[in-house]
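J.: What follows is a structure written as structure tokens; I'll ask about it next.
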Amino acid sequence: VKQHLKMIILTNPGERVMDPNFGVGLKQYLFSHYNPTIYGEISENINSQVRDYLPGVTINDIAYDTDHDSISYLGIRIHYTIRAQAMQDLLQITI
């Protein structure tokens with residue numbers, strides 16, 4: 001599940017053959033001027049993709065690493081639950 005979630009987040013829309021809607025495309029946000037609007041857009045994309053492609057997973061929280069003022073750094077922590085196993089996990093991605 002963790003690997004599939006990571007693939008959803010890092011795959012650019014249109015990159016997956018036969019499924020042009022798959023993927024959040026997190027790298028497209030790199031070099032953006034990060035603000036609550038951008039973070040909200042990323043969060044909505046992640047939640048939407050998880051609903052469509054990982055229906056057995058619930059996103060509990062998405063947090064952004066805002067310790068860096070650089071637009072060339074994006075850190076994200078996703079707390080999620082695998083409902084069938086009642087198991088919680090954390091995925092951290094830094095680009």
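J.: Sort Tyr39, Tyr80 by heavy-atom solvent-accessible area, probe 1.4 angstrom, most to least.
T.: Ranking Tyr39, Tyr80 by accessible area, largest first, yields Tyr39, Tyr80.
J.: Quick check: with the 1.4 Å probe, what order do Glu15, Glu41 take by accessible area, largest first?
T.: Largest to smallest exposure gives the sequence Glu15, Glu41.
J.: Report the charge-dipole magnitude of the chain in Debye, nearest 20, computed about the Cα centre from +1 at each Lys and Arg Cβ and -1 at each Asp and Glu Cβ.
T.: Charge dipole, the chain, about its Cα centre: 300 debye, nearest 20.
J.: Between Tyr53 and His33, what's the calculated FRET efficiency when r is the beta-carbon distance and R0 is 35 Å? Round to 0.05.
T.: The formula returns an efficiency of 0.75 here.
J.: Compute the accessible area per residue over region 30-95, keeping the other protein chains in place, probe 1.4 Å, unit Å².
T.: 59
J.: Run the quick spin-label model on Val1 and Arg16: label points 7 Å from Cα toward the beta carbon, then report their separation in nm to one decimal.
T.: The modelled label-to-label distance comes out at 1.7 nm.
The values are calculated or read from the model by the stated rules, or taken from the named source; none is laboratory data. Computed from a predicted model, the values in this text were never measured in an experiment. Every residue, glycine as well, gets a Cβ built from its backbone with ideal geometry; the counts of neighbours run over all protein chains shown. Accessible surface areas use protein heavy atoms only, side chains included; no ligands, DNA or RNA. Shrake-Rupley method; radii C 1.70, N 1.55, O 1.52, S 1.80 Å.
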